[in-house]
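Read the structure below first, then the notes.
The values are calculated or read from the model by the stated rules, or taken from the named source; none is laboratory data. Treat the numbers as computed from the prediction; the structure is a model and nothing was measured. A quick note on method: Cβ atoms are made from the backbone with ideal geometry, for glycine too, and the neighbour counts reach across all protein chains shown.
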Amino acid sequence: MGAGELAQPANAATVVEDPEHGEGAAITLSGRVSVARAHKPVAPDNPFTPVQLARLDEALTLSSRSTGLWFSVYLGDLGQDTRAAAEDVHAASGERAARSVLIAVSPGQRQVEVITGSEAARRMSDRGCKLAVMSMVASFKEGDLIGGLVDGLRILNDQAGPRH
């Protein structure tokens, strides 16, 4: 052993650059390959926590039950023509479209659209829908997406009135 060299213990592993396992692989004395890798947390696909989702689900359920209308929320990009895209999402509700209300929010575009079916529109004024949008936008500006959606649903629920 030369000057500056350290003695390697008899039970030490040999660190290797293994093409199959990459950097950080070591071959132990038993021949087993041990690999260390950095843990990279995966960002969640959902912008909401489970508690927030439960809060939104409760608001949607209560609004639908009390009014007899079908409320839904769309969150995502709405493309160039946000109104047309929101109307397409609303139309996809099929038979329920006449008595459904869609709140479509595109945070990246800073757009909110409220689409009402024919039956829902008879029970909700344009002014009432605008009030709901203004309330939601105020919350969204404060960074409270769930609070804005829940408040908007409450206002729309009040506008529609009780089930007939």
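Evaluation of R99 against the conditions (1) farther than 16 Å from Q159 by Cβ; (2) surrounded by 14 or more Cβ atoms within 10 Å (Cβ to Cβ) shows that the sole unmet condition is (1).
Could you tell me which of the residues L75, L153 is closer than 25 Å to N46 by Cβ, surrounded by fewer than 17 Cβ atoms within 10 Å (Cβ to Cβ) and either among the hydroxyl-bearing types (S, T, Y) or touching a residue at least 24 places away in the same chain (Cβ under 8 Å) (or both)? Even if it seems obvious, please write down each step before you answer.
Working: L153 fails: surrounded by fewer than 17 Cβ atoms within 10 Å (Cβ to Cβ).
Just one listed residue meets the conditions, L75.
Within the range 111-136, residues that are among the aliphatic types (A, V, I, L, M) and crowded, with 17+ Cβ neighbours inside 10 Å reach partners that are assigned to a loop (DSSP other than H, G, I, E, B) and modelled with pLDDT of 95 or more with beta carbons closer than 6 Å, at six or more positions or on different chains, in the pairs A120/L69.
Condition first: of a type in the set (S, T, N, Q), over 20 Å from T116 (Cα atoms) and within 19 Å of the chain's Cα centre (by Cα). Now tell me which residues in the range 37-89 satisfy that. Those that are of a type in the set (S, T, N, Q), over 20 Å from T116 (Cα atoms) and within 19 Å of the chain's Cα centre (by Cα): N46, T49, Q52.
Condition first: in contact with a Phe, Trp or Tyr (Cβ under 8 Å, 6 or more places away or on another chain) and among the hydrophobic types (A, V, I, L, M, F, W, C). Can you find one or more residues in the range 67-81 that meet it? For the range 67-81, residues in contact with a Phe, Trp or Tyr (Cβ under 8 Å, 6 or more places away or on another chain) and among the hydrophobic types (A, V, I, L, M, F, W, C): absent. On the stretch given as the range 89-128, residues that are under 13 Å from F71 (Cβ atoms) and touching a Ser or Thr at 6+ places or on another chain (Cβ under 7 Å) total 8. Among the residues making up the range 47-56, those that are part of a helix (DSSP H, G or I) and free of Cβ contacts under 8 Å to residues at least 12 places away in the same chain are P50, V51, L53, A54.
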